[in-house]
Amino acid sequence: MFDCRHLRTADPVRSSHRHAAAWCGALLLLIVAAAAPCVAQPAPAAAPRATHEIPRTGDEIRVDGVLDEAAWATAWSYELNFEVSPGENTPAPVRTEVLVMHGASHLYVGFRAHDPDPAAIRAHLADRDQAWSDDWVGVVLDTFNDERRDYLLIVNPLGVQMDDIEVWPAGGTVWDAIWDSGAQITAWGWTAELEIPFAALRFQRTDGPQVWGFDAVRGYPREIFRQMGAFARDRNSNCYLCQALKIEGFEGVSPGRDLEIVPTLTSSRTDTRDDMPAGPLVNGDVETEAGATVRWGFANNLTLSAAVNPDFSQVEADARQLDVNRPFAIFYEEKRPFFMEGADYFSTQLNAVYTRMLRDPSWGVKVTGKEGAHTVGAYAVEDDVTNLILPGSQGSDATTLDEDSRAGVARYKLDLGNRYTLGFLATGREADGYSNGVAGLDAELRLTDRDRIVVQALGSSTRYPDPLADEFGQPHDRFTGWASTLNYTHETRTWASWLTWEDVGADFRADLGFMPRVDYRWGEAGWQYLWTGDKDDWYSRMLLIAKVSDIRDQHGNLLEQEAAVRFNVEGPLQSHAYVRPSRTREGYNGREFDLDEVEIHACFKPNGHSQGWINATAGDRIDYANTRKGDRLLVQPGFWYRFGRHLRLEAQFTAERMDVEPGWLYRAEIGLVNASWQFNPHAFVRAIVQHVSHRFNTELYTDGRQEEQRDLFTQLLFSYKLNPQTVFFLGYSDASVGTQEYELTRANRTVFAKVGYAFLF
């Protein structure tokens, strides 16, 4: 779903060794040159920053959002005096007070959010992490005070929780912690309480006082969306957490035993029609599977997770994406709790770790944490299904090995002050007759407050089974490859520029990552300028972006040249729109094509109960199945509407058509309707109907495809989540298939239930 919430932005083997060695050498020289001044000749220490003492309380706090306990009168308090978006450190339009204190095992945060018109407060019941369109308040906690990574915990006026981990400058990663919250709407605004167990956080291992980075934030959506913060933000600095407030205290606090044991029981029955369409729907057996996941914070800053016969499955099916005329594999987000835990530890510039490649693990073990300047992460998994992406320069294939595999990932990062980070990544996967290993170095160098370099170099070694190599034209025996990238950014208050270079060899494979394209060299240069509106302007922000890029294979053959301009504008009704014209010269299958295209997007929130959007792309596109030029039109409208605080209705539609000179080529459509009733912040019932239709002009294809393919998916789900791990799901789903030869016919149906309970010690 689109969201208006943010505007946020030779011989192959010998050649591979030569490139890898050159890049690793260059990387090490760059690291030494950049880090040497920091290590050998440290700059004079900056003047100590003022810290704010966080008091300790022994009182019991009832988390109901009322803030009526006497202990709150002794808490440290601070006001959010700055509007930081879209205003630039302008006076906050409403008053917000944050209060902070802690006990032996919990951090307590309270908010008093004043509002001149309490009737306008936007508050709806929603599932966890789904209330961003409402009013909200929250805290940012840099618990290691390393100015690189923080916890973000948010609550809306009805107590709906949202949380994630933000890694700067890469962005946020999904994080579901167990914490408590409450909120109340009052005659003058609203209040909120957050009770955050220290067991939910990782922090410094020390017996003395700790210093944490801190910010408090408030989202205030009205005619436009405004965000308030606790401190003024310097737009000429590329380090947000370097500017955060510093809070001090927490002496002797501990996460306790911090042991979480989550047994799960999953049961399902699937009935299948093997002979379509006339065959009977055969009742399947009831399959019941028990599992358990254990998470142990064996130190303040280290976590061990293990799962035996775990429930790695996800209850919600992936929303279908258009895959017609797409030569490369499609990316899907990770939703499984085991892999989302500590996911930020494994992210790098090159997408060499993609946990969705692990399809059906039977067990897994993971350790993540930080000790001083050292960040570590590792996991090992046995997977009963071995999925592979076979990448190329102009497209990718996919296959599955009929055997299980063992996989492991290791990650290490070293902080040098608050400006430099050096890293190492290794991944490995193997099965009978198959293996893939990747290893390399990376570095993030914040050279100045405006200049940043991110660089990475990887090497791989791969061995495919001979039948797979024969079928997909892959190398026999063991082969090696390289991949490297360098990105430079310069950011100021109003403008930014960047340069990117990637060099990926034809024989590079990252089978535990998502890199469907190899055999290319890509260079890109870009520039952008930001206008921030004043109070009386019709717009709040405008952004102009321009870029040029060039991609060629390792032999110098053109893959893609692009020049594009994008103009964004944010205005009234929380609207956001952009237009992006582009001109591309693309090489495919020995031919080159000149392609012109324009993309238009607009979305708006006319009130607190609704949002609408549309995305349209029109212009030239290659027909990859037949290597010819065609005209493509893609339209994606959608909306959601809330009826009161409980009922939410969402509808999305995607339609794509392509025409070539002899006539129409294909028509593809996806329609989705989602209706949910949220009883309270913990329970909902939801119905989903999704219809997919593909029609092809088979006279213009030579691959023997069907004229028509239709799919209908329905699901009814009841969900209860006391917390992210204590859950109960009960659901029904079915799938129907139709072609030009028969109407939609049910192909399968499934009834399923899952229960999990988190025992906390």
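The values are calculated or read from the model by the stated rules, or taken from the named source; none is laboratory data. The shown structure was predicted, so the numbers you read here are calculated from the model rather than taken from an experiment. Positions of Cβ are generated from backbone atoms using ideal geometry, with glycine treated the same way; all protein chains shown enter the neighbour counts.
Go through region 654-676 residue by residue and tally those that are closer than 22 Å to Asn607 by Cα and surrounded by 16 or more Cβ atoms within 10 Å (Cβ to Cβ).
Going through region 654-676 one residue at a time, the tally reaches 2.
Which of the following residues is under 30 Å from Val385 (Cβ atoms), among the acidic types (Asp, Glu) and surrounded by fewer than 19 Cβ atoms within 10 Å (Cβ to Cβ): Asp519, Asp466, Asp507, Asp511? I'd like the intermediate steps shown before the answer.
Numbers: Asp519 fails: surrounded by fewer than 19 Cβ atoms within 10 Å (Cβ to Cβ); Asp507 fails: surrounded by fewer than 19 Cβ atoms within 10 Å (Cβ to Cβ); Asp511 fails: surrounded by fewer than 19 Cβ atoms within 10 Å (Cβ to Cβ).
Residue meeting the stated conditions: Asp466.
Which of (1) crowded, with 22+ Cβ neighbours inside 10 Å; (2) within 25 Å of the chain's Cα centre (by Cα); (3) at pLDDT 90 or above does Ser405 not meet, given it meets every other one?
So the condition that Ser405 fails would be (2).
Taking the criterion of being closer than 30 Å to Asp553 by Cβ, over 24 Å from the mean Cα position of the chain (by Cα), in a strand (DSSP E or B) and of a type in the set (Gly, Ala, Ser), would at least one residue in region 408-423 satisfy it?
Among the residues of region 408-423, not one is closer than 30 Å to Asp553 by Cβ, over 24 Å from the mean Cα position of the chain (by Cα), in a strand (DSSP E or B) and of a type in the set (Gly, Ala, Ser), which makes the answer no.
Can you name every residue in region 315-352 that is in a helix (DSSP H, G or I) and modelled with pLDDT under 90?
If the condition is that a residue be in a helix (DSSP H, G or I) and modelled with pLDDT under 90, then Pro337, Phe338, Phe339, Met340, Ala343, Asp344, Tyr345 are the ones that fit.
For Gly481, which of the numbered conditions (1) under 30 Å from Ala496 (Cα atoms); (2) part of a strand (DSSP E or B); (3) more than 23 Å from the chain's Cα centre (by Cα) fails to hold?
Failing condition for Gly481: (1).
What residue, among those in region 349-396 that are loosely packed, with under 15 Cβ neighbours inside 10 Å and within 23 Å of the chain's Cα centre (by Cα), is farthest from Asp519 (Cα to Cα)?
That would be Asp360.
Output yes when any residue across region 358-368 is in contact with a Leu (Cβ under 8 Å, 6 or more places away or on another chain), farther than 30 Å from Ala687 by Cβ and assigned to a helix (DSSP H, G or I), and no when none is.
no
Just need a number here: residues in region 539-555 that are farther than 30 Å from Arg226 by Cβ and surrounded by fewer than 17 Cβ atoms within 10 Å (Cβ to Cβ).
4
Keeping to region 702-743, report how many residues are in a loop (DSSP other than H, G, I, E, B) and either polar (S, T, N, Q) or surrounded by fewer than 16 Cβ atoms within 10 Å (Cβ to Cβ) (or both).
First pass over region 702-743, keeping only residues in a loop (DSSP other than H, G, I, E, B): 702-707, 722-726, 740-743.
Filter once more, keeping what is either polar (S, T, N, Q) or surrounded by fewer than 16 Cβ atoms within 10 Å (Cβ to Cβ) (or both): 702-707, 722-723, 725-726, 740-743.
Number satisfying all stated conditions: 14.
Please determine, by comparing only the residues of region 93-133 that are assigned to a loop (DSSP other than H, G, I, E, B), among the small types (Gly, Ala, Ser) and within 31 Å of the chain's Cα centre (by Cα), which one is nearest to Arg686 (Cα to Cα). Please lay out each step first, then the result.
Restricting attention to region 93-133, the residues satisfying the condition of being assigned to a loop (DSSP other than H, G, I, E, B) are 93-95, 103-105, 115-117, 121-133.
Going one step further and asking which of them are among the small types (Gly, Ala, Ser), we end up with 103-105, 123, 126, 131, 133.
Okay, now just the ones that are also within 31 Å of the chain's Cα centre (by Cα), so 105, 123, 126, 131, 133.
Details: Ser105: 37, Ala123: 20, Ala126: 12, Ala131: 16, Ser133: 19 Å.
Filtering first and then ranking leaves Ala126.
Assess whether Tyr332 counts as being within 28 Å of Thr500 (Cα to Cα), under 24 Å from the mean Cα position of the chain (by Cα) and of a type in the set (Ser, Thr, Tyr). Talk me through it step by step, then tell me what you get.
Details: within 28 Å of Thr500 (Cα to Cα): yes; under 24 Å from the mean Cα position of the chain (by Cα): yes; of a type in the set (Ser, Thr, Tyr): yes.
It is true that Tyr332 is within 28 Å of Thr500 (Cα to Cα), under 24 Å from the mean Cα position of the chain (by Cα) and of a type in the set (Ser, Thr, Tyr).
Is it fair to say Gly428 is more than 25 Å from the chain's Cα centre (by Cα) and among the small types (Gly, Ala, Ser)?
No; evaluated as a whole, the condition is false for this residue.
Of all residues being charged (D, E, K, R) and out of contact with any helix residue (DSSP H, G or I) (no Cβ under 6 Å at 6 or more places or on another chain) in region 704-726, which is farthest from Gly671 (Cα to Cα)? Just the residue, please.
Selected residue: Lys721.
Which of the residues belonging to region 134-165 are on the phi < 0 side of the Ramachandran plot and in a loop (DSSP other than H, G, I, E, B)?
Result: Asp134, Asp135, Thr143, Phe144, Asp146, Arg148, Asn156, Pro157, Leu158, Val160.
Could you identify the single residue in Arg128, Arg148, Arg218 that is modelled with pLDDT under 95 and within 26 Å of His576 (Cβ to Cβ)?
Arg128
Listed residues Arg269, Arg226, Arg235; which is surrounded by fewer than 16 Cβ atoms within 10 Å (Cβ to Cβ) and within 29 Å of the chain's Cα centre (by Cα)?
From the options Arg269, Arg226, Arg235, the qualifying one is Arg235.
Let me confirm something: among Gly138, Gly213, which residue is modelled with pLDDT of 95 or more and more than 28 Å from Lys605 (Cα to Cα)?
Selected residue: Gly213, the only one of Gly138, Gly213 that is modelled with pLDDT of 95 or more and more than 28 Å from Lys605 (Cα to Cα).
When region 652-662 is examined, which residues are found to be modelled with pLDDT of 95 or more and either more than 24 Å from Arg326 (Cβ to Cβ) or more than 24 Å from the chain's Cα centre (by Cα) (or both)?
Those that are modelled with pLDDT of 95 or more and either more than 24 Å from Arg326 (Cβ to Cβ) or more than 24 Å from the chain's Cα centre (by Cα) (or both): Ala655, Glu656, Arg657, Met658, Asp659, Val660.
Keeping to region 556-594, report how many residues are among the β-branched types (Val, Ile, Thr), under 30 Å from Glu223 (Cα atoms) and surrounded by 19 or more Cβ atoms within 10 Å (Cβ to Cβ).
Qualifying residue count for the region: 1.
Checking Arg295 against (1) closer than 25 Å to Gly372 by Cβ; (2) of a type in the set (Lys, Arg); (3) part of a loop (DSSP other than H, G, I, E, B): exactly one of these is not met. Which one?
Only one criterion is unmet by Arg295, namely (3).
What number goes with the only condition from (1) in contact with a Gly (Cβ under 6 Å, 6 or more places away or on another chain); (2) surrounded by fewer than 22 Cβ atoms within 10 Å (Cβ to Cβ); (3) at pLDDT 95 or above; (4) under 28 Å from Asn418 (Cα atoms) that Gly182 does not pass?
Among (1) in contact with a Gly (Cβ under 6 Å, 6 or more places away or on another chain); (2) surrounded by fewer than 22 Cβ atoms within 10 Å (Cβ to Cβ); (3) at pLDDT 95 or above; (4) under 28 Å from Asn418 (Cα atoms), the lone unmet condition for Gly182 is (4).
Can you find a residue that is surrounded by 23 or more Cβ atoms within 10 Å (Cβ to Cβ) and touching a Pro at 6+ places or on another chain (Cβ under 8 Å) anywhere in region 474-484?
yes
Cβ-Cβ distance below 9 Å, separation of 6 or more or different chains: which pairs start in region 71-87 with a residue that is assigned to a helix (DSSP H, G or I) and end on one that is crowded, with 19+ Cβ neighbours inside 10 Å and of a type in the set (Gly, Ala, Ser)?
Trp72/Gly110
Looking at Ala187 and the list (1) outside any helix (DSSP H, G or I); (2) buried (at least 21 other Cβ atoms within 10 Å of the Cβ), which single condition is not satisfied?
(2)
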